[in-house]
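Read-outs: derived from the displayed coordinates by stated rules, not from any lab. This is a predicted model, so every value here is computed, not measured. Here the Cβ positions follow ideal geometry from the backbone for every residue, glycine too, while neighbour counts run over all protein chains shown.
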Amino acid sequence: MPTQFLLIRHAPVAPPARLAGRSNVPCILPARIPSAPAADRVLSSPATRCTATARALYPDATIPTDPRLWEQDFGAWEGLDFSAMPDLGRLEREQLAAHRPPGGESHADMAGRVAPALQDLATGGTVAVVAHAGTIRVALGLALGQMSQGLAFAIAPLSLTRLSVMDGEWAILSVNEPLR
């Protein structure tokens, strides 16, 4: 039986704009909560910005969390203003995926915990996962057959990315659909 993943990035984080990663920062929910796509199961990263978004979108659902869905741990870079971030634009995508911030984890490290979580959820039906841009990039990397390729995508806050998986074969159905 196929599984359809509804991957929803959390609502925008509260200012100031900084690298959040594992920081447990609040989000800003819109005044009008968009309609959530129907799902058989709903799951969330434990981050406050994800659980708040999930509760707003699915107010009647029981929403377990899975710590494997947390965003990448950016170590010493956590909380940095984006203008203070090191310039990594010179790195090839494979190098970027392997790059580990001081005291943190690389995208490849993150994929090592997120990919099994997603594969564990691929048991059929429609699964909504409210998580982070990095988590969604890992899912896209699974579908593309190379984790680093997920880094090619910008994932907007409160956007929907749809994937399906059947017999271990992943397919991308859409990326960055606005929730309405």
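Taking every alpha-carbon pair under 8 Å whose residues sit at least 6 apart, the range 1-71 reaches a relative contact order of 31 percent.
The magnitude of the dipole of the chain, with charges of +1 and -1 set on the Cβ of Lys/Arg and Asp/Glu and taken from the Cα centre, is near 440 debye.
Taking label points 7 Å from Cα along the Cα-to-Cβ direction, V25 and E94 give a separation of 3.3 nm. Among P34, P16, P59, the largest mean-square fluctuation in a Gaussian network model of the chain, built with springs joining Cα atoms closer than 10 Å, belongs to P16. Please work out whether the chain counts as rounded, prolate or oblate from its C-alpha gyration tensor, where a ≥ b ≥ c are the square roots of the eigenvalues and a/c under 1.5 means rounded, while otherwise a/b larger than b/c means prolate and anything else oblate? Oblate.
Put in order of Cβ neighbour count within 10 Å, fewest first, the listed residues L96, L158, L142 become L96, L158, L142. PRE reach from S35 (point 7 Å along Cα→Cβ): which of the range 46-83 fall under 19 Å by backbone N? Residues 54-61 fall inside that zone. Taking the fewest neighbouring Cβ atoms within 10 Å as the starting point, the ordered list for M1, M85 is M1, M85. With a ≥ b ≥ c the root eigenvalues of the C-alpha gyration tensor of the range 1-74, is it rounded (a/c under 1.5), prolate (a/b larger than b/c) or oblate? Oblate.
Using just the helices of the chain, give the 222 nm mean residue ellipticity in deg cm²/dmol: DSSP H runs with n ≥ 4 each add -39,500 (n - 2.57), and the total is spread over all residues, rounded to 500.
Value at 222 nm, helices only: -7000 deg cm²/dmol.
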